[in-house]
1. Carbon and sulfur: what percent of the chain's accessible surface (1.4 Å probe)?
2. Taking the alpha-carbon distance from Lys42 and a cut-off under 19 Å, which lysines remain once sequence neighbours fewer than 8 residues away in the same chain are dropped?
3. Which order do Phe67, Phe74, Phe186, Phe194 take by accessible area at a 1.4 Å probe, largest first?
4. So, with +1 on the Cβ of K and R and -1 on the Cβ of D and E, and no other charges, what is the size of the charge dipole of the chain about its Cα centre, to the nearest 20 debye?
5. Please determine, in degrees from 0 to 90 and to the nearest 10, the orientation of helix 2-14 with respect to the longest principal axis defined by the Cα atoms of the chain, where the helix direction is its Cα long axis.
6. Set Lys and Arg Cβ to +1 and Asp and Glu Cβ to -1, take the dipole of the chain about its Cα centre, and tell me which of Asn175, Ser83, Ser211 lies farthest positive.
7. In Å², what does the accessible area per residue of the chain work out to with a 1.4 Å probe?
8. Using percent of Cα pairs over 31 Å apart as the read-out, say which of (i) 24; (ii) 34; (iii) 28 was calculated from these coordinates.
Amino acid sequence: MKKLFLMFLLGGVCLAGSVNAQLQKGTRYWGATVTGNGDHSKYDYPQNTEWKGHVLNVTPSVQTGWFIDDNKMFGLRLSPSLSWSRNKNDGPAGEYKSGSNIMAINLAPFLRHYKSLSPKWAIYLHSAVNLAYLRSKSFNNDDKTFENGYSGGVYLNPGVSFWVTPRFSLESDINVLSLNLAYTHFNDNNSFNFNTGITSSISQYFGIRASWYLQPK
């Protein structure tokens, strides 16, 4: 059903529709958002053993674009991300520490098609090619390891925009309806991934982005 709805939305966006002033050719677009999550865990085991774990993920994102035609925008998205984790095990044999820092720098040229629903609402279909540089640092006590890698892929997802003012809007990608195909080379491993947006975490379905649409004078 999700795939059928995505195809229906694709067809609806690509149909000619009314043009809001914000979506006219020549309009400049800026968008920014920051997402993050983390976790802290602690367990006490028999024989006086204690385990602690910390995880933090932060992903800022900045994107800019130009309307190359009415209802059609070309742009670039830059979204570095950092994943930080630490584990500590304290028991009769002594203290053991491990952890990792994983950084990814993502650059994605994209094309976005809009369809106006009203003067304040519009839906869009966002298609992009994502290129990423990956770097990780992991350690076990004093033993440290560094790895580099890269990834590339294409993704497609719909979204919705709401204009609070003629220049400022709030928008959200609807990731539950996304399609994603990616290749990754990291830690001497090659992997292919295909994702249809089905996830067990509702927090990954939507994300709010602040956006500015600057019409030419």
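The values are calculated or read from the model by the stated rules, or taken from the named source; none is laboratory data. Please read these numbers as outputs of a predicted model, since none were measured by experiment. Quick reminder, even Gly has a Cβ in these numbers, built from the backbone with ideal geometry, and neighbours come from all protein chains shown. What goes into the accessible areas is simple: the full protein's heavy atoms, side chains included, and nothing from ligands, DNA or RNA. Shrake-Rupley method; radii C 1.70, N 1.55, O 1.52, S 1.80 Å.
1. 62 percent
2. Qualifying lysines at Cα under 19 Å: Lys52, Lys88, Lys97.
3. So, going from the largest accessible area down, we get Phe194, Phe74, Phe186, Phe67.
4. 900 debye
5. 40 degrees
6. The listed residue farthest towards the positive side: Ser211.
7. Dividing the accessible area of the chain by its residue count gives 59 Å².
8. Recomputing percent of Cα pairs over 31 Å apart here picks out (ii).
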